[in-house]
Amino acid sequence: MSQSNPTQTSLQIGPLLRDHGGVVALIVILAFNILFTPNFLQLQTLFVNISQVATIAIVAMGMTLVIATGGIDLSVGAVMALAGALAPLIFQSQFGVDYPALGIAAALVVPLLVAGACGMFNGVMVAVLNVQPIIATLILFISGRGIAQVLTNGNLQTFSNKSFSYLGTGKVLGLPFQGWLALAIAVILFLVISRTIFGRYVLAIGGNERAARLAGGPVTKVKIGVYMICAGLAGLAGLIVVAINSASDAARNGNLMELDAIAAAVVGGALLQGGRAPIFGAILGAVIIQLVKYTLLANGVEDEVALIAKAGIILAAVYVQQTRKE
């Protein structure tokens, strides 16, 4: 009878973890929760996790596009806070009171336009002024949340609007609306990356920006567009958080979301040097990040430890990326 060689076994496991590490991690986390976490299989737990995953996934998909061009965006949490702060202010304004239907439209459109403008600022800083992405986006990381707090006077802004709240509390086929929204965004972005010239340029820029420029590609426009998409999705996520709570807290909305988004993108297979945009991988990464957080909290582990766990996940994902190169 032949005996298995430990060396051969390790060689078989290594490629499995490198190529399908995210799926393996998800299976392990699910198995642990099914066996050891009380009430994990209840529908309420599913709804809560889908709601949390959706916001992370939406931002992570935008972050994936930015990373695909070789950039990074540290301002997504601040953009969430800024967009989220504007919606209640519109509802509380005289315009929102006198014209409720138009107020709802404005509460959706205006914050997204402002978020897009934030993305344009980041894109111009990076693509036109050649500022390093981490420095360029650090500006809004610092100032964006401050602007949101100035607009709200640092106070919790509450409102009551069932139509707008549907964005965060509605259900379609029994599942949270924002989960379906995240899935729809994923399909659209996947088609954009795989079927359009814009998507090909996104990957080309991350693969070799100099070659893309020499080939006559619209590198500047594409990079600005990518940062605008990322910020727009962050703004949408900020509106979802506000809709869930029927309130806006500029100090908390999107807090540390940049960490979750980067972690989800990297765990999902995005390469930090650029050139890859695994959109559905970002959703997988978001699920893992949320389940790690949920698992730790549900089993009595302090939230601070969850931050350490996220950092460890990023470190592990980067290590796997390095081993792929070898």
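A Cβ distance below 8 Å, combined with a sequence gap of six or more or placement on separate chains, defines the contacts here; from segment 107-122, residues that are farther than 15 Å from S93 by Cβ reach residues that are outside any helix (DSSP H, G or I) in the pairs C118/S75; N122/D73; N122/S75.
Annotation note: Cβ proximity below 7 Å between a residue of segment 127-155 that is farther than 18 Å from L256 by Cβ and a residue that is part of a helix (DSSP H, G or I) and not β-branched (V, I, T) (sequence gap 6+ or interchain) occurs for A127/K223; V131/M125; A136/N122; A136/M125; I147/L82; L151/A85; L151/L89; T152/A85. Could you go through segment 105-112 and let me know if any residue there is within 18 Å of the chain's Cα centre (by Cα) and either of a type in the set (A, V, I, L, M) or modelled with pLDDT of 95 or more (or both). For segment 105-112, residues within 18 Å of the chain's Cα centre (by Cα) and either of a type in the set (A, V, I, L, M) or modelled with pLDDT of 95 or more (or both): present. Listed by position, the helices (runs of 4 or more DSSP H) inside segment 115-223 whose residues that are surrounded by 14 or more Cβ atoms within 10 Å (Cβ to Cβ) and in contact with an Asp or Glu (Cβ under 9 Å, 6 or more places away or on another chain) number at least 3 are 133-151. Scanning segment 139-170 for residues that are among the charged types (D, E, K, R) and over 21 Å from the mean Cα position of the chain (by Cα) returns a single hit, K162. Every test in (1) out of contact with any Lys or Arg (no Cβ under 9 Å at 6 or more places or on another chain); (2) closer than 15 Å to A243 by Cα; (3) modelled with pLDDT of 95 or more; (4) not β-branched (V, I, T) is passed by D73 save one, and that test is (2).
The values are calculated or read from the model by the stated rules, or taken from the named source; none is laboratory data. Predicted model, so just to flag it, every value in this text is computed and none were measured. Using ideal geometry, Cβ is built from the backbone for each residue, glycine included, and neighbour counts are taken over all protein chains shown.
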